[in-house]
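First the structure, in the form of structure tokens, and then the observations on it.
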There are 2 protein chains.
Amino acid sequence: MIDVPALVAQAREGRPRAVARLISLVEGASPQLREVMATLAPLTGRAYVVGLTGSPGVGKSTSTSALVTAYRRQGKRVGVLAVDPSSPFSGGALLGDRVRMQEHATDPEVFIRSMATRGHLGGLAWSAPQAIRVLDAAGCDVILVETVGVGQSEVEIAAQADTTIVLLAPGMGDGIQAAKAGILEIGDVYVVNKADRDGADATARELNHMLGLGEARSAGDWRPPIVKTVAAKHEGVDEVVEALDKHYAWMSEQGELAKRRLRRAAQEIEAIALTTLRERFGSLHGDRHLDALAEKVARGELDSYAAADDLIASVTN
Amino acid sequence: MIDVPALVAQAREGRPRAVARLISLVEGASPQLREVMATLAPLTGRAYVVGLTGSPGVGKSTSTSALVTAYRRQGKRVGVLAVDPSSPFSGGALLGDRVRMQEHATDPEVFIRSMATRGHLGGLAWSAPQAIRVLDAAGCDVILVETVGVGQSEVEIAAQADTTIVLLAPGMGDGIQAAKAGILEIGDVYVVNKADRDGADATARELNHMLGLGEARSAGDWRPPIVKTVAAKHEGVDEVVEALDKHYAWMSEQGELAKRRLRRAAQEIEAIALTTLRERFGSLHGDRHLDALAEKVARGELDSYAAADDLIASVTN
């Protein structure tokens, strides 16, 4: 048995190996998962969680790395969670496991972690928030959650952040691709990266048009800014940080921050509850109860709704 | 209130409007859904359910229509369920709502229905089997379930059939696309449609190679046949029906038919149970119980696992 309180204390002192070990515990559904979560709960809620998403090739990792640099200049402790739902690999080294993050690999105030889906229903909704909580408890001021790839899962993860950055790059027919992927609606801050390339202004204009940013809004509404960057040269990155600061201030004033965190917590609770119940169905399957119900349904002796009622009753009594 | 037993009796006489009305009831989650399912249960289990899937453009609708013609020549009553998970439209007319099905629109022994996802978790897993059950109870000998488009949902629906046909067409780089979509593994019968075009033999060979059909198999194993068709000219369609007959006979002999139907029933029960529980969480949300839990989690007073336990307990007591 791992001494969870001692491990959490070490993580709070900022020891990378303790942080890594805790993330592995919450990611791997360890028997001590519940103990870890209960110990972490009162230590969390301080970090500012920023999601980054966008199509492949827009420069998400480079942008994340540039944001880490910017926040480190402010003396902040930074956590990075790179989530790849399509990757069959899970876990990974805490430090220096991503090439573009190498420059931060030796910085003791930066925690970097790659994470893959556990490949079952609610897998990401389930494990990403827990890893965020570990980084939060470890004293990170800012946690950058970068999603690799595009898809419904990425959208969901990015939408779980306090603030979501949607990244685009010029000349990729990117606006349309982003619209298709459903990521255009979720941005609080839009970044046109690789802005030294041809077409950056056109992309920004197109985006402005697609988002209807020219239209009148009510006072108090958030108007998502479009920031142009060349992340590889650190150009425009301070402007992104400034936009994030403004969004954070706006959310705090409007009560939006509390609202988003509440929604996030509700979704997480629901995901855990559904996964738990599904696992109970699974063990019932082992117990042949679901099989027996299925046989009755297949023979027409029972309808599938009545069988579902029976299944629910059996896992919950 | 609808007189469900009377409606079911009319459907069993083969009245199209009664069948359409019953499908609408099971699709729309009517308050009488449970009554309908309970009434249908003892009347089902007779129909042979065939799934058709494949990339866009391979000729799924034309092939479905040709199969309807072939089965009608045998005097069989045929049901067609065209499922489009990406379509925002649900329902649709029972008869003649699809252009390629026009030739069967006035045939009283053919029931055709389009169906879209209800857009929530388990939406299709939930409503497609119920519509199949209505068609089954209405005396259909064969039910063809055609999935429009490619994706995980289509694969799941097609895999719910007794027999799954995977359609391909020459010269579309189709083998690779099909492999990507994960539909290559699920076929019991493979059809290379548009076989009068260049490359049909190459596609069949490529498929043969990808499926490892040249390799030795155990006696008693099913060896999926590859049939070439020109569905628009009704060429090769009788061979497809022959392949389906053989697969049905093989499944019956090997106990595979019962096994598949059992698995299908188990998946359906599980999907209904999870959706039911999710809906209960939803009404709790209205009752502010989930909100209250989320607030505690957001404030760090409770961890998300303990909150999930509480949520499960509250919906099940």
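The values are calculated or read from the model by the stated rules, or taken from the named source; none is laboratory data. It should be emphasised that the depicted structure is a prediction, and the values quoted were computed from it without experimental measurement. Counting neighbours? That spans all protein chains shown, and the Cβs are built from the backbone with ideal geometry, glycine included.
Taking each residue of the range B:192-206 that is closer than 15 Å to B:G54 by Cα and looking for partners that are acidic (D, E) and surrounded by 20 or more Cβ atoms within 10 Å (Cβ to Cβ) with beta-carbon atoms closer than 7 Å, six or more apart or interchain, yields B:T203/B:D174. When the criteria are applied in full, A:G57 fails the requirement of being closer than 30 Å to A:E235 by Cα and not in a loop (DSSP other than H, G, I, E, B). Scanning the range A:28-69 for residues that are surrounded by 20 or more Cβ atoms within 10 Å (Cβ to Cβ) and of a type in the set (G, A, S) returns A:A41, A:A47, A:G51, A:G54, A:S55, A:G59, A:S63, A:S65, A:A66.
Taking the listed residues A:R299, A:R278, the one that is within 10 Å of chain B (Cβ to nearest Cβ), within 26 Å of B:A41 (Cα to Cα) and touching a residue at least 40 places away in the same chain (Cβ under 8 Å) is A:R278, with no other qualifying.
Take A:V134 and tell me if it is within 14 Å of another protein chain (Cβ to nearest Cβ), modelled with pLDDT of 90 or more and crowded, with 24+ Cβ neighbours inside 10 Å. So A:V134 passes the test.
Selection within the range A:22-60: residues that are of a type in the set (D, E, K, R) and over 18 Å from the mean Cα position of the chain (by Cα). The member of this set that is modelled with the highest pLDDT is A:E35. B:S30 meets the stated requirement of being in a loop (DSSP other than H, G, I, E, B), out of contact with any Lys or Arg (no Cβ under 9 Å at 6 or more places or on another chain), among the small types (G, A, S) and more than 30 Å from B:E256 (Cα to Cα).
Of everything in the range A:1-27, what is assigned to a loop (DSSP other than H, G, I, E, B) and under 21 Å from B:L302 (Cα atoms)? Give them in sequence order. Give the derivation first.
Kept after step one, since they are assigned to a loop (DSSP other than H, G, I, E, B), are these residues of the range A:1-27: A:1-3, A:13-15.
Matches in the range A:1-27: A:D3 only.
Here B:D107 passes the criteria (1) more than 15 Å from the chain's Cα centre (by Cα); (2) at pLDDT below 80 except the one numbered (2).
B:V19 meets each of the listed conditions (1) within 18 Å of B:R113 (Cα to Cα); (2) under 21 Å from the mean Cα position of the chain (by Cα); (3) within 14 Å of chain A (Cβ to nearest Cβ) apart from (3). Of the residues in the range A:236-257, at least one is among the β-branched types (V, I, T), more than 20 Å from the chain's Cα centre (by Cα), in a helix (DSSP H, G or I) and more than 7 Å from chain B (Cβ to nearest Cβ). Here the condition is being within 12 Å of chain B (Cβ to nearest Cβ) and farther than 27 Å from A:T106 by Cα; of A:R34, A:R46, it holds for A:R34 alone.
Summed over the range A:256-280, the residues that are small (G, A, S) and at pLDDT below 85 give a count of 1. Counting only residues that are part of a helix (DSSP H, G or I) and at the interface with chain A (Cβ under 7 Å from one of its Cβ atoms), the range B:302-313 holds 7 of them. Taking the numbered list (1) modelled with pLDDT of 90 or more; (2) more than 10 Å from chain B (Cβ to nearest Cβ); (3) surrounded by fewer than 18 Cβ atoms within 10 Å (Cβ to Cβ) in turn, A:D287 passes all entries but (1).
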